[in-house]
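Worksheet: one structure, shown below.
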Amino acid sequence: MDSQHWRAVITAAQAGDRRALDELVEGWLPLVYNIVGRALNGHADVDDVVQETMLRAVGNLGSLRDPDSFRSWLVAIAMRQIRDRARRRTPDRLEEAAASDFAELTVLRLQLEGQRREVAEAVRWLDDEDRHLLSLWWLEVAGELTRRELAAAVGITRQHAAVRVQRMKERLETSRGIVRALDGACPDLREMTGRWNGRPDSVWRKRLARHLRGCGYCGGTREAVVPAERLLVGIALVPLPVGFTLSLALGGKTAAAATSAGWSAKLLGALTKPAVAMTAGATIVAGGAYVVTQPPDAPPPRAAVTPTATAGSAPPRTSAPPAPTPKSSPTATKKADPYGTVVDAVDRAPDPNARPAALPRRPESGITSTGGPKAVMQHRGDSVTLTGRGYVLVRWQISPGSRPGALVMPSWTGLKGRLFHVASGGWRRMDDPLPGAPNGYATGMGGPGIGYAVLPPGTQQMWQNEYFYLDGSVTLTQNERGCDYGLTVFPSNRDAVVEDIDTGPDRGALRYGLVRDTGTDSAPVPQYVTRATPADPATVPQRSRV
């Protein structure tokens, strides 16, 4: 940023220029949002901490003696608010889920790929203190902060900052290795993570790091690992979410604090007038509330990155267009093998050594997901909307050790187009015995020592990985009640499906996968699917006919 320009803007804002204050907030809010967002990894408190930071900066702007030090002063305020938030957390709030995973936001909004994506996802595995430091170091290597400003924000010397940064980088590299390994196909690692709830934490980071150090498969990289600082150079700030609201209402105590800080009567009057002053990216409205909006000439927001993998040699689709929603007519003619039918009954497990049939090839143009490339759904009501033409992986993680009992199945709602259940994989059915599992933990569905996950009558037994083919759009909702479970949803492609289901016991799997796709409209569909959008998705009946 042009230091001379910002010096003039800050000086004008201190003198009571409302337009200058408007520009100041608009210009520096993204930096604060990125620092707080990465430090808290998108926790629900991010908005509150950003609000408090900007409110304190606005309220104390008159006390800033040197406009050239504004950036380090603002960053220091943000870090103090982050530390204060950590001290205020009560034990019952420590396990609160993130409102929006900032690592995923970084990947999606900056469209990071390859090792840059790996670095962003590795942030999840860092402890709070490392993540706070990383939020500043990331901006340093991206050219948004200097090392002097980083050290000042943390409240340590530059020499001490160098030591702290180096230690944080070492743990970041370990976390990058974990991300790579979890995306790999190591059978030992799959067995080990069968008891993991999918939430990164320091205990599992240490366990997985020990595995990486002793595993030839996970330890051997398939490409040169680029240092994180080289990957982050020049990366832009993650843009503010559309509709992000920043309330800086200067009323009551806040107005008094602003007056004592040296704010002019002109500025306070301007902030409390029922007037609206527009800028390209922010609006100051009556009462001094800043509402950040998308500029009129900005492109529409992208919900997700569209995969580029396509089936280049795929034959043209020859099946009939999507069937309309059936009408209640007693004279309707029923076609043979109509789309949307499958036997609603538990299927028997195939022989572990039986190779799957060939997976039919269906056209692929890619799937977009509101949850990004990896949507993790751990709680009742979590959902993800999928759109496009291609394959989707739904990975199961059942946790009867946390809470066993009746399992309420996830549901597919608001279907437009077609949805097929095409294959099952992951090297095991969830009711397969787990080799080396602790006493009482016999299968992925639980055991006598901890209790079992119990499926509704007639529900097909799910495998670790279930694959679906979508041509249209649909919403998948996690309906956890009773037994604790989680789902991870990945847009995928046919090659990945084939690689999974063709991996058998000869390569360390418990069993080969299973192909369910017939290649026609008679292929099975999910059991809990509807074209309607019920108020409670958990009430979707078990009826595989759409």
Notebook entry, point to check: A185: assigned to a loop (DSSP other than H, G, I, E, B), in contact with a helix residue (DSSP H, G or I) (Cβ under 9 Å, 6 or more places away or on another chain) and either open to solvent by 20 Å² or more (accessible area, probe 1.4 Å) or under 21 Å from G426 (Cα atoms) (or both), yes or no?
Noted result: yes
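Is it true that some residue in region 428-440 is basic (K, R), farther than 22 Å from T387 by Cβ and open to solvent by 20 Å² or more (accessible area, probe 1.4 Å)? Break it down into steps so the answer makes sense when it comes.
Residues of region 428-440 that are basic (K, R), as a first pass: 428-429.
Filter again for farther than 22 Å from T387 by Cβ, leaving 428-429.
Those left that are additionally open to solvent by 20 Å² or more (accessible area, probe 1.4 Å): 428.
Yes, region 428-440 has at least one match.
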Taking region 351-379 and the residues there that are among the basic types (K, R) and surrounded by 15 or more Cβ atoms within 10 Å (Cβ to Cβ), the one that is nearest to A535 (Cα to Cα) would be K374
*Could you say whether any residue in region 399-411 is on the phi < 0 side of the Ramachandran plot, basic (K, R) and buried (at least 19 other Cβ atoms within 10 Å of the Cβ)?*
no
Per the list (1) surrounded by 18 or more Cβ atoms within 10 Å (Cβ to Cβ); (2) not in a loop (DSSP other than H, G, I, E, B), residue check on K416 breaks on (1)
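Go through region 188-211 and count every residue that is assigned to a helix (DSSP H, G or I) and buried (at least 16 other Cβ atoms within 10 Å of the Cβ).
Looking only at that region, the number is 11.
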Of the residues in region 493-542, those that are surrounded by 15 or more Cβ atoms within 10 Å (Cβ to Cβ) and in a helix (DSSP H, G or I) come to R494, A496, V497, V498, D500, I501, P537, A538
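The values are calculated or read from the model by the stated rules, or taken from the named source; none is laboratory data. Values in this document were obtained by computation on a predicted structure and should not be read as measured data. Neighbour counts run over all protein chains shown; Cβ positions are idealised from the backbone, glycine included. With ligands, DNA and RNA removed, areas are computed over all heavy atoms of the protein, side chains included. Shrake-Rupley method; radii C 1.70, N 1.55, O 1.52, S 1.80 Å.
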